[in-house]
Every structure is written in C-alpha cells, then in structure tokens.
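Take a look at the structure set out below.
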Amino acid sequence: MFQALGHFSCPLTYPLVSLLSPYRIMQTLIHLLKCNIGTGLLGLPLAMKNAGLLVGPISLLAIGILTVHCMLYIVCTFPRLQKTFVNYGEAMMYSLETCPNAWLRTHSVWGRYTVSFLLITTQLGFCSVYFMFMADNLQQMVEEAHMTSNNCQPRKILVLTPILDIRFYMLTILPFLVLLVFIQNLRMLSIFSTLANVTTLGSMALIFEYIIQEIPDPSSLPLMASWKTFLLFFGTAIFTFEGVGTVLPLKNQMKHPQQFSFVLYLGMSVVIILYICLGTLGYMKFGSNTQASITLNLPNCWLYQSVKLMYSIGIFFTYALQFQVPAEIIIPFVISQVSESWTLFIDLSVRTALVCLTCVSAILIPRLDLVISFVGSVSSSALALIIPPLLELITFYAEDMSCVTITKDIIISILGLLGCVFGTYQALYELIQPINHSITNSTGVYA
C-alpha cells in the first residue's frame, strides 16, 4: 500500500530471509511503536468527533499513509548522501549541499538549523502536552477520590467547579520532572523506557476492554463534521505521529540498516490500525461527551482510576525520553560558550529552564485538545509532510525524476502547508475564545 505511492531506491527487504535478526528487529520495532504511542493517541476520539464518524477514520488512514511515505523519503534519501549515522537535520543540510542551486548550497547549514528548530519546538510541545495530560488526570483522580467505588458504571457528566485549579497540579508535578531530567545515564533511561512501555501497554489493554463493551447506536453521530473542526482534527492527527524525527536514529542503530524499511512498514501499519480503532471506538462509545483525553471519560472506579495512574506514570517517564531530543541539541551549544568549570552548572540550569518553559506553556494555555492541535499544525506538519518531499526533490532532482514523482512531492508539501496554515489559524482562534469549563479540561462529577 505504501509503496504504491511511488518508487524508492531502498528495497522493502534486503534480502529478508537471510538477513533478518529477530532480536534486533524486535528491539527496533518496540522503539518505533513507543515513539508513536503517546498522549496524542488518547486524543484521537475527540479528533474523530471533530471530523465525523466516516470522514475521521478515512482521513486518519490517508494522513497515516502519507506520513509513512514521507518517513521513507527520509530513510531512503540519506544513503545517497554517502554519509553514515546522520540525523534529520544533518540529512537536510547534506542534501542542500548536493543540490544544483548555488545559493542553497552556500546556505545549506540553515537547513539543519530549520529542522533542529522544528524538532525543538515539536518535542518541547510534546513535553508541554505531557504536563497538561498528567495534571488533568491527577486532578480528576484526586478530586473524585471520595466518590471512587468498585462499581464501574459509565460516567454521566455534570458540571463541577474544581476544588483546586489545574495549574496547581502542574506546579506540583514540576519539581519531580526537573529531578527526572537531571538523570543522564543511558542505562537508567532505558529502565524508564521499559517502565513506560509496561504501564502504557497495560493501560491500553484496559481502555480497549472498556470501550468495546455496550457501544451505543452510532446512527445519531454525524458522518462529517464542519470544516472548522476538521482543521483541529488535522492538527491532532498529525501530532499523534510523534516518531518522524526518530526514524534515522532508529535505522542507524540497526546491525543491518537495510532491514529498516520492513520494520517501518510493519510497525507503522500496527500504529495506524491502533489509531483508527481507538479513535473510532472511543468516539462511538462516548459520542458528544468525548473529552480531550479518553482517560477522562473512563468510569470513576478503582480499576479505571488505576488506568489513569498507570498511563500517567508511563507519560511521566516518557517525558524524560522526549526531553532528550531538544536537550541534546541545545545543551552542547550552550556549554561550548562557557569554561569547563561551569559545564555541570550550565547543563543542569538549562535542563531546569527547559522543563520550566514547558510548565509555563502549559499553565498559560491549559487546554489539552487545542494545544495538541496547535503543536501538530505548527511543527509536526512541517517535519512530517512538508520537509520530506522537499528533501527528495532536492536530492534526486538532478537524476531525471519523473514528472509524476515531482508532481506528487509538490502536492504532498502543499497539502502539508495548507494544513499547517489553516490548522494553526483555527487552533489559535479557538484558544482565544472563552473557556467553556463544562467541555474543555473539565473534571466531572458522575453518578
């Protein structure tokens, strides 16, 4: 299905039977799945509500196919650059160095700067969303603790004025995250990654177990929503594909990098199916009451409160992993400007400042669904849909690319640009509107 979109020089397998290393492939596959399963996944039921019961799944499938296709642009471009172990930004810079245009060759370093800036913006945006997700779920767990029982009945939403502002919970989480990002030991980070995988897997199993039970008749749900809310859907959908910046590092770590295309096809097929199933079933289950995160719709009983706790723990540890991307770009540059005696102090100070920045962003705009859509529209769309086709055009244009391939690349970039512009506009428009506490980030009281 993915290869039907165009011809790539890197094969699907190489040769598959003789080279497959099951352990290494499974390890890379797990990392790929983890990179694409985060808070955005839990916001997909609301995204389906913003698109419609028919348009939503079809559009999510289309965006998924285009995103994987663009990931393959990145994977299949850098071997032509005759460089090894490059990251996304370096791939863009080396590609510009080989293009026919003299001005672009001279300013090729700005390609790396642009991609690095977008990666920093995207990853810090993810971290800010993690703050809101953990605070939302912590608020609901704490303020409903006196009503929690063993009876897992569906929620019936009533308006509740929160006992404590959501920002209080964000500030409560802040010092723990600061201490977490001080840990730089790779072995310790791998332990955190394993804990995040276990808690996320357990939470997802229980969420699916609940939403497939007693699904109401979906005939009353609209098949297509308005175009304004569809723009919010686009931002959320593209946000969920969080792993576009990790494809080259994952390929570099494989013993046989030629196998990565197979791993990418397999892993992203699983991810897309998971996205569509959770988004569609979640929307069918909760209908017009669907909240910014599906965990906020779960019953107020001890079993599903534990689901929120487990997923929040998983997101807590995932924060440290996502934080590593901007930290590894920013901190070496800052440290290079000071003497060696100040290295440790500056390192910890920058880490603290970046965590505080994500916290302040969450405090200033505590609307989980709209921030997800905004981050997805602004930077995720550029990294996932706009830059990769341009990367292929720059790298292969001198090799007599077919008109079909050139047209296809231009169309994908234009679609990404339109989604970026209009999605950003709609998210900003919604953000400046008064907050309806009965809908957005509300913690309900349920009978």
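Here are the numbers:
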{"item": "Paramagnetic reach from Leu206 in segment 40-63 [backbone N under 18 Å; point 7 Å along Cα→Cβ]", "result": "42-43"}
{"item": "Amide hydrogen neighbours beyond the local backbone of Leu53, cut-off 5 Å, H modeled", "result": "Leu223, Met224"}
{"item": "Extension gain, Phe345 back to Leu61 (0.36 nm per residue minus Cα-Cα distance, nm)", "result": "97.6 nm"}
{"item": "Mean projection area, nm², convex hull over Cα of the chain", "result": "22.6 nm²"}
{"item": "Label point at Leu428 placed 7 Å out along Cα→Cβ; residues across segment 203-234 whose backbone nitrogen lies under 19 Å", "result": "228-234"}
{"item": "Nearest 10 degrees, 0 to 90: helix 55-77 Cα axis against the chain principal axis", "result": "30 degrees"}
{"item": "Candidates Leu418, Leu370, Leu344: whichever shows maximal mean-square fluctuation once the chain is modelled as a Gaussian network with Cα springs under 10 Å", "result": "Leu344"}
{"item": "Rounded accessible area of Ser128 (nearest 10 Å², 1.4 Å probe)", "result": "10 Å²"}
{"item": "For the chain, accessible area per residue (1.4 Å probe, heavy atoms of protein chains only), Å²", "result": "44 Å²"}
{"item": "Solvent-accessible surface ranking, highest first, for Ile414, Ile346 at 1.4 angstrom", "result": "Ile414, Ile346"}
{"item": "Nearest-10 value in Å² for the accessible area of Leu96, using the 1.4 Å probe", "result": "10 Å²"}
{"item": "Computed label-point distance, nm, for sites Thr106 and Lys255 using a 7 Å Cα→Cβ extension", "result": "4.9 nm"}
{"item": "Rg in Å to one decimal, and Dmax rounded to a whole Å, for segment 277-379 via C-alpha atoms", "result": "18.7, 59"}
{"item": "Solvent-accessible surface ranking, highest first, for Lys408, Lys228 at 1.4 angstrom", "result": "Lys228, Lys408"}
{"item": "For the chain, built as a Gaussian network whose Cα springs stay under 10 Å, the top-fluctuating residue of Leu53, Leu206, Leu72", "result": "Leu206"}
{"item": "Net lengthening on full extension, Arg187/Ile406 (0.36 nm per residue, minus Cα-Cα)", "result": "74.4 nm"}
{"item": "The chain - charge dipole about Cα centre, Lys and Arg +1 at Cβ, Asp and Glu -1, debye rounded to 20", "result": "300 debye"}
{"item": "Cut-off 12 Å between beta-carbons: net charge of the residues surrounding Pro389, Lys and Arg +1, Asp and Glu -1", "result": "-1"}
{"item": "Where Arg105, Arg367 fall by accessible area, highest first, once all protein chains stay in place (1.4 Å)", "result": "Arg105, Arg367"}
{"item": "Rounded to the nearest 10 Å², the accessible area of Tyr319 at probe 1.4 Å", "result": "0 Å²"}
{"item": "Label point distance in nm, Ser306-Ser269, each placed 7 Å from Cα along Cα→Cβ", "result": "3.5 nm"}
{"item": "Segment 279-312-segment 98-148 distance, computed between alpha-carbon centres (Å)", "result": "24 Å"}
{"item": "Under 18 Å from Lys285, Cα to Cα: aspartates and glutamates that are on another chain or at least 8 residues apart", "result": "Glu209, Glu214, Asp217"}
{"item": "Rough spin-label spacing in nm, given labels placed 7 Å along Cα→Cβ, for Gln337 and His146", "result": "5.1 nm"}
{"item": "Angstrom value of the Kirkwood radius, inverse mean 1/r, which spans all Cα pairs in segment 230-280", "result": "12.4 Å"}
{"item": "Extension gain from Gln324 to Leu179, taking 0.36 nm per residue of separation minus the Cα-Cα distance", "result": "50.8 nm"}
{"item": "10 Å-binned pair-distance histogram of segment 347-387 (Cα, whole percent)", "result": "26, 36, 34, 5"}
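The values are calculated or read from the model by the stated rules, or taken from the named source; none is laboratory data. From a predicted model like this one, the values you see are computed outputs, not experimental measurements. Ideal geometry is used to build each Cβ from the backbone, glycine not excepted, and the neighbour counts take in all protein chains shown. To get the accessible areas, we keep the full protein, side chains included, count just its heavy atoms, and leave off ligands, DNA and RNA. Shrake-Rupley method; radii C 1.70, N 1.55, O 1.52, S 1.80 Å.
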